[in-house]
Amino acid sequence: YNQKGTENVLVSRALRDAFVFENMAFDLGQCISDQVGLLARGAKGYIGTSPNGCTNSLLNLFIAYGHNWPTRPLCIMSHSQGNLITSNALMQYSALMSGRIPVNAVSNPALKAIIARGPIRIHVFAVASPAMTWPINNFITMHAYWHQYDPVTALSGYRNLRATLAGHGTRTS
């Protein structure tokens, strides 16, 4: 949940409308930033932290609680912008767990121990995803659900259509 603004403050209608516009502009800017970061990660040229705190929080959840999660595999259902956040966090997690980041480059001993345990299995159900790329490996699986006339899913560069053609997606009309 990506909250910005002061939705709980009682203000005039005009001021509330200004907050709504500000929130929409902020979310659009954040989506663009997330998509750019995701494309850089997909090109395997960038592994650093995300400017989106939600992405970093989700990555920290995978790292801190992934092996203690009560169900296997860990299942994530993400919708719209949540797919950008999830995909960015999974790209970073995948880089950590697949050895793209050398273990000797990690200074935190607890994180080194988690990396040594290996990755957890994660299954993602991506609904109306604008994400252009997802990590491809043997511990993360993704299934896309999308509507053929949804402009948000077109932002994925038709990644959802390619997933459907490969048997990992579902299109509705």
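Per-structure values
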{"read-out": "Among residues of region 123-146, those that are open to solvent by 60 Å² or more (accessible area, probe 1.4 Å) and at pLDDT below 85, counted", "value": "2"}
{"read-out": "Helices (runs of 4 or more DSSP H) contained entirely in region 102-173, each with at least 1 residues that are within 19 Å of residue 77 (Cβ to Cβ)", "value": "151-154, 159-165"}
{"read-out": "From 107, 80, residue being farther than 21 Å from residue 142 by Cα and either surrounded by 14 or more Cβ atoms within 10 Å (Cβ to Cβ) or among the polar types (S, T, N, Q) (or both)", "value": "107"}
{"read-out": "Test set (1) open to solvent by less than 20 Å² (accessible area, probe 1.4 Å); (2) at pLDDT 85 or above; (3) within 15 Å of residue 121 (Cα to Cα) - residue 95 fails condition number", "value": "(2)"}
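The values are calculated or read from the model by the stated rules, or taken from the named source; none is laboratory data. Being a predicted model, the structure only gives us computed values, none of them experimental. No Cβ is skipped: glycine too gets one built from the backbone with ideal geometry, and neighbour counts run over all protein chains shown. We work out accessible area using only protein heavy atoms, side chains counted, and drop any ligands, DNA or RNA first. Shrake-Rupley method; radii C 1.70, N 1.55, O 1.52, S 1.80 Å.
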